[in-house]
Amino acid sequence: MQPSLKGRREGSPWVGLWAVFFKEMADHLSSTRMRILEVLILFSAVGAVYAGAQTLRQTVSEDPFLLLRVFTAAQDPLPSFVAFLSFFLPLAAIALGFDAINGEYNRNTLSRVLAQPIYRDALLWGKFLAGLATLALILLALFLLVVGLSLIFLGVPPDGEEVGRALLFLLATLAYAGVWLGIALVCSVLFRSAATSALAAIAVWLFFALFWGIIAQLLAQAVAPYDPFNPESELRQAEALLAFSRVSPNTLYAEAIQAILNPGVRSLGPVLISQLQGALLGSPLPLGQSLLLAWPQLTGLIALTLLLFALAYVLFQRREVRA
Amino acid sequence: MVIEAQGLTKRYGKVVAVEGLNLAIEAGEVYGLLGPNGSGKTTTILMLLGLTEPSAGTVRVLGFDPAREPLSLKRQVGYLPDSVGFYGEMTAWENLAYIARLNGLPKAEAERRMGRVLERMGLAEVADRPVSAFSRGMRQRLGLAEVLLKEPKVVILDEPTLGLDPEAAQEFLGMIRGLKAEGITVLLSSHLLHQVQAICDRVGLFHKGRLVLEGRVEELAQRVLGGAYRIRLEASPLEGLAERLGALPGVARVQLEGTGLRLEAAQDIRSQVARAVLEAGASLTSLVLEQPSLDEVYARYFQEVRHAA
């Protein structure tokens, strides 16, 4: 070995990545979990279109964004498609990722696989990308089902901007699913037992779904107390609340799709009357402006996914092959 | 030298798993890394493969540094872990195909090799069955098939006979002997000393992370047991025979054992023993040269160490 190469690893960390990717992908697609998810997809697509169509038939006014309404309209007792997705996707992502690494330990396959000429990088990347690709596949199937069914039921073809918004919505949803896949992956490296790992990941999900809203409120009250004689304090508290609740990926996702799917939304935070001067209320924003509005949330979700993956990566690189 | 280690040390926190290990294994050798559970055998193997990082010391396998050139190393070194696991829902063929892809073998070449190794391990008929239905012995053979898939120069086997019934274990050891005939260097670890001693050219005995004894089985027996040749005889009457035989040149000790005697001698002196027995007027019913057992070497060595302490 030349002295200049000393301290360097030989070869590429990507060797074997695609072998792992395709094996994991095949595993996911043929697994029982996938069967369960497929049934859920079918039900949710039919439910969403039914709810959307019911609501829309009752609307008589002209609406230029029919397809987007199908995504967001809710009909009691059915939730809207978007509400359903934000509930269902974290669980699907956790189901695909919670036993990624500890499953290899428990089946005693890890040392055998790592004795092959690949780096650990390839194994982790392959598993992550396979999970993400499977989620993308689920999402795409769901999306096409909803679009197709709504075409049949409503008979109104979407225009270019609507399709653009729908695709952006798909991207944001994938990033959101990636965050939960990352959380599941970290849990699968941290915990040796698959059941513990699944439970831990679900606990994180419950924490953000149920408790973070309350905690954010308490934190906001503590950081920016409301003073009845100072109207500005109310605004400060609202802003603090927003900042705290944006720690949760659920909030980021909700805000991102609100901006993308609802062209009438002009701001995701508190708006003062003075800021609305000269605005035509209710008039839709062009796609570019909506994207600009959702940009921080979108990049936040993607960054969070990468951060979680990096955490899983560091933990996994340091883990002993033997317990 | 195919495998070379110098001052190899591994610490987990305060616990020392392997300490100051020096190892030199030549091409074509079958080397046994022997010792009780938890004496550092598996840790040593993982360090040789670069699967765990040594705390100190250097390793070279086929001239490669496991920490810096793991890919070239692992392309030519096969490893069978102690509790080998497979993806249960996949068939034997699919499990091998995955490993072949990880090794970057082209499809046609991979299929040719897979057919050959499955045939050789006697698994060709069950290749399409899911591995979850395989017995322990079949899994072990599938593990060896996978190791051979990359046509390795060095094969490292961790506890290859663990959990196998005696017949399957002997069969598996026969397969390992077959590797030596092909010129493959074999490093195997085991705590079943008597089981593997017959196929090892050299052995290293581990105790609490240290390699305490190393050499050929006969050498070690000679060194530790004194007399390397142990002769067991049955004769009657036994009276006075022990003294007579003890006086023969080269006899280290004579012990009464059941209905016969056990001699330890520096050479194979069976003919002298036979003559002495007959000259004493006794009738000789059996005379056997016993193979020294490594278990005994190990036990005796630690007895002596304890006595010395």
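Against the longest alpha carbon principal axis of chain A, how many degrees, from 0 to 90 and to the nearest 10, is the axis of helix A:249-261 turned? Rounded to the nearest ten degrees, it is 50.
The calculated FRET efficiency for A:Leu287 paired with A:Val156, based on their beta-carbon distance and R0 = 22 Å, is about 0.70.
With a simple spin-label model that places each label point 7 Å from the Cα along the Cα-to-Cβ direction, the separation between A:Arg192 and A:Trp14 comes to 3.6 nm.
So what's the gap between the Cα centers of region A:6-51 and region B:229-286, to the nearest angstrom? Cα centres, region A:6-51 to region B:229-286: 73 Å. By how many degrees, between 0 and 90 and to the nearest 10, does the Cα long axis of helix A:212-223 differ from the longest principal axis of chain A? The angle comes out at about 70 degrees.
When a/c is below 1.5 the answer is rounded, else prolate if a/b is larger than b/c, else oblate, so apply that to region A:13-318 with a ≥ b ≥ c taken from the square roots of the Cα gyration tensor eigenvalues. Oblate.
Structural descriptor for region B:3-215: relative contact order 32 percent, calculated from alpha carbon pairs under 8 angstrom and at least 6 residues apart.
The calculated 222 nm mean residue ellipticity attributable to helices in chain A amounts to -23500 deg cm²/dmol, summing -39500 (n - 2.57) over DSSP H runs of n ≥ 4 and dividing by all residues.
From the Cα gyration tensor of region A:210-264, with a ≥ b ≥ c the square roots of its eigenvalues, which class applies: rounded if a/c is under 1.5, or else prolate if a/b is larger than b/c, or else oblate? Write out the running numbers ahead of the final one.
Details: a/c = 3.71, a/b = 1.59, b/c = 2.33.
Oblate is the answer for region A:210-264, as a/c is 1.5 or above yet b/c matches or exceeds a/b.
Given a Förster distance of 22 Å, report the FRET efficiency between B:Arg112 and B:Arg177 from their Cβ-Cβ distance, rounded to the nearest 0.05.
Numbers: r = 25 Å, r/R0 = 1.13.
E(calc), rounded to 0.05, equals 0.30.
Spin-label model, A:Asp63/B:Ala242: points 7 Å from Cα along the beta carbon direction are separated by 10.6 nm.
Modelled this way, with points 7 Å down the Cα-to-C-beta line, the labels at B:Arg210 and B:Asp268 are 3.6 nm from one another.
For A:Ala26 and B:Ala308, a Förster radius of 56 Å and the Cβ-Cβ distance give a FRET efficiency of 0.40, rounded to the nearest 0.05.
Once whole DSSP H runs in chain B are found, which of them have Cα atoms spread over 15 Å or more along the helix axis and a mean Kyte-Doolittle score of at least 0.0? List each step's numbers first, then the result.
Details: long enough: B:92-102 (16 Å, 0.35); B:107-120 (20 Å, -1.38); B:136-149 (20 Å, 0.13); B:166-181 (23 Å, 0.06); B:294-308 (21 Å, -0.68).
The answer, listed by residue number, is B:92-102, B:136-149, B:166-181.
How much length would be gained if the chain were fully extended between B:Arg68 and B:Arg253, taking 0.36 nm per residue of separation minus their Cα-Cα distance, in nm to one decimal? So the extension gain works out to 61.3 nm.
I need the Kirkwood Rh of the protein assembly as shown: take the reciprocal of the average 1/r across all distinct C-alpha pairs and report it in angstrom.
Values: mean 1/r = 0.0335 Å⁻¹.
Across the protein assembly as shown, the inverse of the average 1/r is 29.8 Å.
Could you tell me which of the pairs A:Lys23/B:Lys74; A:Lys127/B:Lys41; B:Lys41/B:Lys74; A:Lys127/B:Lys107; B:Lys41/B:Lys153 are separated by over 29 angstrom between their Cα atoms in the structure shown? Show your work: numbers first, answer last.
On the way: A:Lys23/B:Lys74 21 Å; A:Lys127/B:Lys41 31 Å; B:Lys41/B:Lys74 19 Å; A:Lys127/B:Lys107 22 Å; B:Lys41/B:Lys153 21 Å.
Over 29 Å Cα-Cα: A:Lys127/B:Lys41.
For the pair region A:65-90 and region B:88-137, the centres of their Cα atoms are 47 angstrom apart. Ordering B:Cys200, A:Cys187 by the number of other Cβ atoms within 10 Å of each residue's own Cβ, fewest first, gives B:Cys200, A:Cys187.
Each reported figure results from applying straightforward, stated rules to the coordinates on display, with no laboratory input. This is a predicted model, so every value here is computed, not measured. Every residue, glycine among them, receives a Cβ derived from its backbone with ideal geometry; neighbour counts consider all protein chains shown.
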